[in-house]
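The values are calculated or read from the model by the stated rules, or taken from the named source; none is laboratory data. These figures come from a predicted structure and were not determined experimentally. When we count neighbours, we look across all protein chains shown, and the Cβ atoms used for this are built from the backbone with ideal geometry, even at glycine.
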Amino acid sequence: MEPGDREKGVITASSGNHGQSIALASQMFGVKATICVPSNVNPDKEEAIRSFGAEIVADGRDFDDARLNAERIAREKGLKYVHSVNEPHLIAGVGTVALEILEDLPDVDVIIAPVGGGSQAAGVSLVMKAAAPDVEIIAVQAEKAPSVYLSWKSGNLESTDTADTMADGLATRQAFELPLEILRDNIDDFILVSEDEIKDAIRLYVEKAHVIAEGAGAAPLAAAYKIRERANSGL
C-alpha cells in the first residue's frame, strides 16, 4: 500500500468471512479498516470483525448492496478500496491454499471449491493447474445464487435479481471479470447444489466428522455427494 492509503485507511465489502481477514490484516499493520456488510450479516461474523478493531457499516439486503455502499464510501472519503473478488493480490493470496493441499495430500485427484464471487476457486485453480495440472478442479455454487455458474456457462458476465441462499458466503448476485476469466481457463466442471443438499452436507459433517460447517463450507461436500457415482467410477 502507498503511505497515503495507509493513513486514510481501507474499505471493503463482505458477507462476513473476507471482512474478518481484511480487519485482522489491518489490525496487524496498524491501518484503519471499514467493512461494509449486509444488514442481516451473521452476528458471529460481525462480532469477529469488530474484535479486530474494524468499523462496520451494516446496510443493504445482501453482499452486492454492501459492495455498492463500500464503493460509494471509498469515493466520498478517499479510502483505499479492496475489492472482495476482482483483486489480483487477493486471488494470489487465497491461491496458496492449493499449495497447502499439495503439501498435505500430494496424490490428490480432485478439488471441489465453493464459489461466491469466485476469488478462492480462481486462486486455487490457477495455482493447481500450474503445480499439478492433472488434478481435476470442480467449482460449486448454490442454486439460489448462480451468477458465476451462469457466467461460466455463457462466457458473459451474468447477474441475478436475488441470492437467497442459506450459504451467506456464496450469496452473490454478480459475477466479476478477473475470477471468471481464470475459472473459465482452469476449472474442469461447475456444479450447482440445492438448499436441501447443503443442509444434508452440514448434517453429514456433524454426524460423521463431528464438525460444524457453515453453508459455504458444506457446499463442496454437497457437490461431492451429488457426483459420488461419477467419482466412484473414476471418471
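General remarks:
- VAL124 without any contact (Cβ under 8 Å) to a residue 40 or more places away in the chain and buried (at least 23 other Cβ atoms within 10 Å of the Cβ): yes
- Qualifying positions in the stretch 46-66 - surrounded by fewer than 24 Cβ atoms within 10 Å (Cβ to Cβ) and touching a residue at least 60 places away in the same chain (Cβ under 8 Å): ASP62, ASP64
- Within the stretch 106-121, considering residues that are touching a strand residue (DSSP E or B) at 6+ places or on another chain (Cβ under 9 Å) and aliphatic (A, V, I, L, M), the one farthest from LEU150 (Cα to Cα): VAL110
- Filter result (among the β-branched types (Val, Ile, Thr) and either at pLDDT below 95 or exposed (fewer than 14 other Cβ atoms within 10 Å of the Cβ) (or both)) within the stretch 153-195: THR162
- From the list GLY118, GLY123, GLY95, the one residue that fits, being at positive phi and not hydrophobic (A, V, I, L, M, F, W, C), is GLY118.
- Note on the stretch 1-99: enclosed helices (runs of 4 or more DSSP H) holding 3 or more residues that are of a type in the set (Lys, Arg) are 63-77.
- For the stretch 162-185, the condition holds for at least one residue, the condition being that it is within 23 Å of ASP109 (Cα to Cα) and either among the small types (Gly, Ala, Ser) or more than 16 Å from the chain's Cα centre (by Cα) (or both).
- Count - residues of the stretch 8-41 that are in contact with an Asp or Glu (Cβ under 6 Å, 6 or more places away or on another chain) and surrounded by fewer than 17 Cβ atoms within 10 Å (Cβ to Cβ): 1
Residue by residue, here is whether (1) of a type in the set (Asp, Glu); (2) closer than 21 Å to ASN86 by Cβ holds:
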{"site": "ASP5", "(1), (2)": "yes, yes"}
{"site": "ASN17", "(1), (2)": "no, yes"}
{"site": "GLN27", "(1), (2)": "no, no"}
{"site": "CYS36", "(1), (2)": "no, yes"}
{"site": "ASN42", "(1), (2)": "no, no"}
{"site": "SER51", "(1), (2)": "no, no"}
